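Accompanying notes for the structure given below.
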Amino acid sequence: MINSYLKLQYKLLTRHFKATGLPIMVAPLLLLGACYLAYYLLLQYPVFGSYALLLSNFQLLFLLTEKNRNDFLKNTFSKKDFYTIRLLENGIVILPTLAIFICRGLWLNGVALIALAVIFASLVFKTFGKSLPTPFAKKPFEFIIGFRRSYPLLLVLYMLAAIGFYVTNPNLVLFCVAGITLSCVFYYQLPEPIFYLWNSRETPTRFLLGKFRRGILQCLLFVFPLLLMYAVIFSSEWFNALIVLGGIFLLLPFAITLKYVAYPREINFPEGFALALCFSFYPLILALLPFYYLKALKNLKNYL
């Protein structure tokens, strides 16, 4: 039974990857490339690189605790098989990062990662749906769903930011602000049903500008208090807070344009590659944002 379930999951992942338009043989190369980039990040920024990898795995493990999928596993398998499957799933998720930590000799981080995998194997969260209230309006929906899927990660980032203020570490605070902003960016990976757009009377330009405005405001609801405290407590470095704020005003609209360039499908490899280019050389977003904005407008004319 367990082998059949794992084979089914492999087929689903394979089908999902093929939907990007890439051959399945490319998947191992992309995984190796991602591992190399993570290893390079760890070499360049040992402390914050470790935080980034641990937090990324924390979020992935949390997503696997969704109640409906775990209820299905409990109803299908015995208790022993259920925990075996959950431990196997979590082990596969953390394996690349664990290998990187071992190669770097970061044994404590590796132990922490294994502990997270074991703890999350026995947890089930009910708050992926309507039971968790959010500070956002019902329309648009990205931040409602995204918040419910990432609130533990946001809580951890806020706690780290509080530690950064307490120990007067401005870099840690900015790291947390960047982490929260990136979480908001990934909220736009999920496309809404087409009839949502069919029911809209707005032009493509007004639709996108409204999305930009709402997305930036909702993201600022998360990060502006931290940036304001940063500017007050670390007054000599207020310009760093201003740079991060400016980055938010560019990054959120760019993520939204990528979503509607790919619409009605999810963001796949081409759009993800463009986003990765901006992360590697951020000024590039000044050239890519207008280009993808025009492409998004052209695509939206088919639905609005």
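The values are calculated or read from the model by the stated rules, or taken from the named source; none is laboratory data. Please read all numbers here as calculations on a predicted model, not as lab measurements. Note: ideal-geometry Cβ built from the backbone for every residue, glycine included; neighbour counts use all protein chains shown. When the accessible area is computed, the model is the full protein with side chains, heavy atoms only, and any ligands, DNA or RNA have been set aside. Shrake-Rupley method; radii C 1.70, N 1.55, O 1.52, S 1.80 Å.
Take residue 285 and tell me if it is touching a Gly at 6+ places or on another chain (Cβ under 9 Å), buried (at least 17 other Cβ atoms within 10 Å of the Cβ) and on the phi < 0 side of the Ramachandran plot.
Answer is yes for this residue.
Here is a yes/no grid of residues against (1) of a type outside the set (Gly, Ala, Ser); (2) open to solvent by 10 Å² or more (accessible area, probe 1.4 Å); (3) under 23 Å from the mean Cα position of the chain (by Cα); (4) closer than 24 Å to residue 279 by Cβ:
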| residue | (1), (2), (3), (4) |
| --- | --- |
| 166 | yes, yes, no, no |
| 190 | yes, yes, yes, yes |
| 205 | yes, yes, no, no |
| 230 | yes, no, no, yes |
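Criterion first (in contact (Cβ under 8 Å) with a residue 12 or more places away in the chain, more than 21 Å from residue 172 (Cβ to Cβ), small (Gly, Ala, Ser) and open to solvent by less than 70 Å² (accessible area, probe 1.4 Å)) does residue 276 satisfy it?
Criteria not met by residue 276.
Conditions: (1) in contact (Cβ under 8 Å) with a residue 24 or more places away in the chain; (2) closer than 16 Å to residue 181 by Cα. Residue 200 meets all but one. Number of the miss?
That leaves (2) as the condition not met.
What are the pairs with Cβ atoms under 6 angstrom where one residue, in the stretch 161-190, is farther than 21 Å from residue 142 by Cα and the other, located anywhere, is acidic (Asp, Glu) and surrounded by fewer than 20 Cβ atoms within 10 Å (Cβ to Cβ)? Sequence gap at least six, or different chains.
Once the first residue is farther than 21 Å from residue 142 by Cα and sits in the stretch 161-190, its partners that are acidic (Asp, Glu) and surrounded by fewer than 20 Cβ atoms within 10 Å (Cβ to Cβ) give 170/237.
Going through 251, 220, 157 one at a time, which residue ends up being open to solvent by less than 50 Å² (accessible area, probe 1.4 Å), in contact with a Gly (Cβ under 6 Å, 6 or more places away or on another chain) and under 26 Å from residue 49 (Cα atoms)?
The conditions single out 157.
Looking at this structure, is residue 201 farther than 18 Å from residue 150 by Cβ, modelled with pLDDT of 90 or more and either of a type outside the set (D, E, K, R) or open to solvent by 20 Å² or more (accessible area, probe 1.4 Å) (or both)?
No.
Just give me the residues in the stretch 9-43 being open to solvent by 50 Å² or more (accessible area, probe 1.4 Å), of a type outside the set (Ser, Thr, Tyr) and closer than 17 Å to residue 93 by Cβ, in sequence order.
Listed by number, the residues that qualify are 9, 12, 13, 16, 28, 30, 31, 32, 34.
Does the stretch 86-99 contain any residue that is out of contact with any Ser or Thr (no Cβ under 6 Å at 6 or more places or on another chain), open to solvent by less than 30 Å² (accessible area, probe 1.4 Å), hydrophobic (A, V, I, L, M, F, W, C) and in contact (Cβ under 8 Å) with a residue 60 or more places away in the chain?
Checking the stretch 86-99: not a single residue is out of contact with any Ser or Thr (no Cβ under 6 Å at 6 or more places or on another chain), open to solvent by less than 30 Å² (accessible area, probe 1.4 Å), hydrophobic (A, V, I, L, M, F, W, C) and in contact (Cβ under 8 Å) with a residue 60 or more places away in the chain.
Pull up the stretch 263-304, narrow it to residues that are of a type in the set (Gly, Ala, Ser) and within 15 Å of the chain's Cα centre (by Cα), then point me to the one that is nearest to residue 33 (Cα to Cα).
The qualifying residue nearest to residue 33 (Cα to Cα) is 276.
Does residue 260 satisfy being of a type in the set (Ser, Thr, Tyr), open to solvent by less than 80 Å² (accessible area, probe 1.4 Å) and under 21 Å from the mean Cα position of the chain (by Cα)?
Considered against the rule, which asks whether it is of a type in the set (Ser, Thr, Tyr), open to solvent by less than 80 Å² (accessible area, probe 1.4 Å) and under 21 Å from the mean Cα position of the chain (by Cα), residue 260 comes out as yes.
I want to confirm something. Restricting to the stretch 93-113 and keeping residues that are β-branched (Val, Ile, Thr) and within 21 Å of the chain's Cα centre (by Cα), which single residue is nearest to residue 9 (Cα to Cα)?
Looking at the filtered set, the residue picked out is 93.
Could you please give the count of residues in the stretch 45-79 that are open to solvent by less than 30 Å² (accessible area, probe 1.4 Å) and either without any contact (Cβ under 8 Å) to a residue 24 or more places away in the chain or over 21 Å from residue 95 (Cα atoms) (or both)?
Total meeting the criteria: 4.
List the residue pairs whose Cβ atoms are under 7 Å apart, where the first residue sits in the stretch 102-114 and is open to solvent by 40 Å² or more (accessible area, probe 1.4 Å), the second is polar (S, T, N, Q), and the two are 6 or more positions apart or on different chains.
106/50
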